[in-house]
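Colleague: Shown below is the structure under consideration.
The values are calculated or read from the model by the stated rules, or taken from the named source; none is laboratory data. In this text, all values refer to a predicted model and were calculated from it rather than measured experimentally. Please note: Cβ atoms are built from the backbone with ideal geometry, for glycine as well, and neighbour counts cover all protein chains shown.
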Amino acid sequence: MHSLRNFFCGQWSSTARLDEKTVIITGANTGIGKETARDLAKRGARIIMACRDLERGEEAREDIMEDSGNQNVVLKKLDLSSTKSIRDFAELINKEEKRLDILINNAGVMLCPYSKTVDGFEMQIGVNHLGHFLLTFLLLDLIKRSTPARIVNVASVAHTWGGIQLDDINSEKSYNARRAYGQSKLANILCTRSLARRLQGSGVTVYALHPGVVQTELWRHVSSVVQVAVRVFTCCTKTSVQGAQTSIYCAVEPALEKESGQYYSDCAPASCSREARDDDMAEKLWQLSTQMLGIQWD
C-alpha cells in the first residue's frame, strides 16, 4: 500500500530546505533530471546542471530559474561518453566550487543500437556506469569536505534484466540492447553498495533508486510499437515529475542521513535482485571499472 500511495500521490511532500547547499545533477536538461533540478532549486540549493547539450540545457536553466525564483542555477558542459569531458568538468568544479553537498548521477542512455564511447566502451555501460563512476571518483574529495553529503545513483528495476558479464563487459562478443542496459543499471546498484562500504564513517552516504517507468526521451531508441504499448498502459507509467520524486527523496529526506548503500523505489526502501546484493561480484566489478578507467580507487 505504501508504494501504491507514493505512486498515485505523484509528488513527495517535504518542507526540507537546501539553502547554502550545492547540488550537481547530470542530465538535468530534460526528464526526471530537469524536474529534480526544479524541485531542489525551489528548496534554495545552488544547482549545477551538468549537460551534454548546452543549447537545450540553457532553455531548461531559464525555465527552472523562472519557475523556482532561484537565480543560483548554472549550466556546465558534461559528456559522460568522454572521459576527457568528465575530467575537464570535474577539474572545473574542483577549482570553482567550495563545496558539493549532493551529487545526483541521473543521466543515461537506454536500449540504443550498438555503439562505443570515445574511449571504446559499449555506450550503455560507458555512460550509465563508467562515466558516473569516474565522475564520482574525481569529485569525492570535494564531497567529503562538505559532509554530511549524499551521492544519489539513478538505477532501474531493469537491473533484473541480466547479470554482469565480466569477460565481455563491452558486449563485443554479442550485443543485446536490453541485456546491456540491464547490466549498466545492475552496475549502478552494485557500485552503490561498494561505495557505501568504502565511505562508512565518512559522513558521505550513497543511495540507488528506481524512478519508475517514466515517459522520457530515454525511450527514443525503443520501437514505435513498444512506445505505443507503454502509452496504452498509462496506469503503469509516470510523468517526469512523478519519476523524479524518489531522486528528490534520496537527496533530501532527513531520515535517510544514517542510511547508506540501499535501494529505493516510490520513496521507500525496495527489494533488488539477488545479483544486485552480490558483494563478491560488486568487488570484482569495482576492480574491473578502475582498471578500465585507469584510476586507483581502493
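Colleague: Could you check ARG231 against (1) in contact with a Phe, Trp or Tyr (Cβ under 8 Å, 6 or more places away or on another chain); (2) modelled with pLDDT under 95; (3) basic (Lys, Arg) and say which number it fails?
Modeller: (1)
Colleague: When you scan segment 187-210, do you find a residue that is in contact with a strand residue (DSSP E or B) (Cβ under 8 Å, 6 or more places away or on another chain), aromatic (Phe, Trp, Tyr) and in contact (Cβ under 8 Å) with a residue 12 or more places away in the chain, even just one?
Modeller: Checked against the condition, which is being in contact with a strand residue (DSSP E or B) (Cβ under 8 Å, 6 or more places away or on another chain), aromatic (Phe, Trp, Tyr) and in contact (Cβ under 8 Å) with a residue 12 or more places away in the chain, segment 187-210 yields at least one hit.
Colleague: Quick one: in segment 154-189, of everything that is in a helix (DSSP H, G or I) and among the charged types (D, E, K, R), which residue is surrounded by the fewest Cβ atoms within 10 Å (Cβ to Cβ)? Talk me through it step by step, then tell me what you get.
Modeller: Narrowing segment 154-189 to residues in a helix (DSSP H, G or I): 157-161, 166-168, 177-189.
With among the charged types (D, E, K, R) added as a condition, the list becomes 167-168, 178-179, 185.
Working: ASP167: 7, ASP168: 13, ARG178: 13, ARG179: 17, LYS185: 28.
Step by step, filter segment 154-189, then rank; the result is ASP167.
Colleague: Just to be sure, is GLY212 assigned to a loop (DSSP other than H, G, I, E, B) and modelled with pLDDT under 95?
Modeller: Working: assigned to a loop (DSSP other than H, G, I, E, B): yes; modelled with pLDDT under 95: yes.
When the stated conditions are applied, GLY212 passes them.
Colleague: In the set ILE125, ILE151, ILE143, which member is part of a helix (DSSP H, G or I), of a type in the set (Val, Ile, Thr) and within 14 Å of the chain's Cα centre (by Cα)?
Modeller: On the way: ILE151 fails: part of a helix (DSSP H, G or I); ILE143 fails: within 14 Å of the chain's Cα centre (by Cα).
When all the criteria are applied, what remains is ILE125.
Colleague: Also, quick follow-up: Given ALA45, ALA90, which one is more than 23 Å from PRO211 (Cβ to Cβ) and surrounded by 17 or more Cβ atoms within 10 Å (Cβ to Cβ)?
Modeller: Details: ALA45 fails: more than 23 Å from PRO211 (Cβ to Cβ).
Answer to the selection: ALA90.
Colleague: Okay, next question. Cβ contacts < 8 Å: first residue touching a residue at least 40 places away in the same chain (Cβ under 8 Å), restricted to segment 257-273; second residue surrounded by fewer than 16 Cβ atoms within 10 Å (Cβ to Cβ) and part of a strand (DSSP E or B), any location; separation 6+ or different chain. Result?
Modeller: Short answer, once both residue conditions are applied: GLN262/PRO269; TYR263/PRO269.
Colleague: Also, quick follow-up: Can you name the condition, by its number, that GLY120 falls short on among (1) buried (at least 18 other Cβ atoms within 10 Å of the Cβ); (2) at pLDDT 95 or above; (3) of a type in the set (Gly, Ala, Ser); (4) farther than 29 Å from LYS258 by Cβ?
Modeller: (1)
Colleague: Return the residues of segment 158-178 that are under 13 Å from VAL109 (Cα atoms) and more than 19 Å from the chain's Cα centre (by Cα); say none if nothing qualifies.
Modeller: Of everything in segment 158-178, just one residue is under 13 Å from VAL109 (Cα atoms) and more than 19 Å from the chain's Cα centre (by Cα), namely ALA177.
Colleague: Working carefully through the options LEU54, LEU75, LEU100, LEU130, find the one that is within 17 Å of ILE151 (Cα to Cα), modelled with pLDDT of 95 or more and over 14 Å from the mean Cα position of the chain (by Cα).
Modeller: On the way: LEU54 fails: within 17 Å of ILE151 (Cα to Cα); LEU75 fails: within 17 Å of ILE151 (Cα to Cα); LEU130 fails: over 14 Å from the mean Cα position of the chain (by Cα).
From the options LEU54, LEU75, LEU100, LEU130, the qualifying one is LEU100.
Colleague: Got a sec? Which of GLY31, GLY27 is in contact (Cβ under 8 Å) with a residue 60 or more places away in the chain, within 18 Å of LEU135 (Cβ to Cβ), buried (at least 16 other Cβ atoms within 10 Å of the Cβ) and within 20 Å of the chain's Cα centre (by Cα)?
Modeller: Details: GLY31 fails: within 18 Å of LEU135 (Cβ to Cβ).
The conditions single out GLY27.
Colleague: Could you pull out the residue among ARG87, ARG5 that is at pLDDT below 95 and part of a helix (DSSP H, G or I)?
Modeller: Details: ARG87 fails: at pLDDT below 95.
After ruling out the rest, the residue left standing is ARG5.
Colleague: Right, something else. How many residues does segment 249-285 contain that are in a helix (DSSP H, G or I), under 14 Å from VAL154 (Cα atoms) and not aliphatic (A, V, I, L, M)?
Modeller: 2
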